[in-house]
Amino acid sequence: MNEQTKELPKACSDETAAAEFLERQRWGPDPYCPRCESRRVHQLRQRGNGARSKRFLWYCEICQRQFTVRIGTVLEDSRIALRHWCYAFWAACASKKGVSALQIHRMTGVSYKSALFLMHRIRFALADDPITPARMEGTIEVDEAYIGGKPRHKGPRSKRGMGTDKQPIIALLQRGGDVRAYVPVGVTARNIGRIIHENINPARARLITDESWAYTKIGRRFFGGHDTVNHGRKEYVRGDVTTNRVEGFFSLIKRGMYGTFHAVSRKHLHRYLAEFAYRYNTRKMNDGDRVTLAVKSAVGKRLRYREP
Ligand SMILES: [Zn+2]
């Protein structure tokens, strides 16, 4: 058990411990002002007993202004107690299948609406930076899946998610590396081609997909080649040509969605995908380090909608 994991249970039940935990994860031993980055800062203390001020305020001698650990993060302009944030960060990072707002509501006592708000912000923190990340290289498995909803009718067409209210998702998985997942506007060769183009460097990559027509054109650009498995003929592995890993990622999402999240609206689906990708991409870390990284990822991100 590492240090963070030992501290977390207390940070989830005690507000002072929560503030100090979040401060340490964000700033390390050397706190600085989130506005001017000066280290000439000190904690404000209560008169008399010398305890930390009620809102865990800091004072920057350069800006001559107060700040808290919430400033400049997804916690800013939220009144939800810091210990509940700690619990939600921990739960989102520690459970393989993720955590639902209902669980947060039951465990912390915050309203269900507040719990929803909290989880949306945490998912936002876990998502990649809006700045386009570096393009992937190496052997990349790409596949689509359909999740959520119930098929309206049985029949061959519902197999690919047509005629249902299921949402398409697409995932790109670099073998031995990271996964990225998106909600395409529609499963067309054009949309899929654009997502692949933005995320993979074809000059230094090999593409592995199923035989869907949507990959044919973009596949020709890959210097490393484009190999396909024929799922229609029940072919799943041919040498190292397989999309088993990306399908494994989809089954994690599906188990999580059906078990934990029930119905997820299309509007929020990309955030759920970000949460699953975050857990997958940090799979070699322990829970404590994953929480630290999640708290650090909360810095510099703001979501502009009102807390209920
Ligand atoms: Zn300052």
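A cut-off of 5 Å between modelled amide H atoms, ignoring neighbours fewer than 5 places along the same chain, links Asp210 with Val229. Given the options Leu102, Leu8, Phe89, identify the residue whose Cα lies farthest towards the positive end of the charge dipole of the chain (+1 on Cβ of Lys, Arg; -1 on Cβ of Asp, Glu). It is Leu102. By the Cβ distance rule of under 4.7 Å, the chain has these cysteines without a partner: Cys12, Cys36, Cys86, Cys93. Applying 1/(1 + (r/R0)^6) with R0 = 45 Å to the Cβ-Cβ distance of Ala134 and Gln43, what FRET efficiency is obtained, to the nearest 0.05? E(calc), rounded to 0.05, equals 0.70.
Computed from backbone phi, the HN-Hα couplings of the stretch 178-188 come to 9, 10, 10, 9, 9, 10, x, 4, x, 7, 10 Hz, rounded to whole numbers (Karplus: 6.51 cos²θ - 1.76 cosθ + 1.60, θ = phi - 60°; Gly and Pro given as x). Each of Gly28, Val246, Ile62 was scored by the projection of its Cα onto the charge dipole of the chain, and the greatest displacement toward the positive side belongs to Val246; charges sit on the C-beta of Lys, Arg, Asp and Glu.
As a test, work out the antiparallel percent of DSSP beta bridges whose residues both lie in the chain, rounded to the nearest 5. Walk me through the numbers before you get to the answer.
Working: 22 of 31 bridges.
Just about 70 percent of them are antiparallel.
With 24 Å as the limit, the listed pairs Lys6/Lys296; Lys97/Lys234; Lys97/Lys267; Lys97/Lys296; Lys113/Lys284 have Lys97/Lys234; Lys113/Lys284 beyond it between alpha carbons.
Between Leu116, Ala51, Val41, the Cα set farthest toward the positive side of the dipole of the stretch 38-127 (charges on each charged residue's Cβ, about the Cα centre) is that of Ala51. Between Tyr112 and Glu198, the simple spin-label model (points 7 angstrom out along Cα→Cβ) gives 3.4 nm.
Read-outs throughout are calculated quantities, based only on the coordinates presented, and are distinct from any laboratory measurement. These numbers were taken from a predicted model, which means no experiment stands behind them. Glycine also receives a Cβ, built like all others from the backbone with ideal geometry; neighbour counts cover every protein chain displayed.
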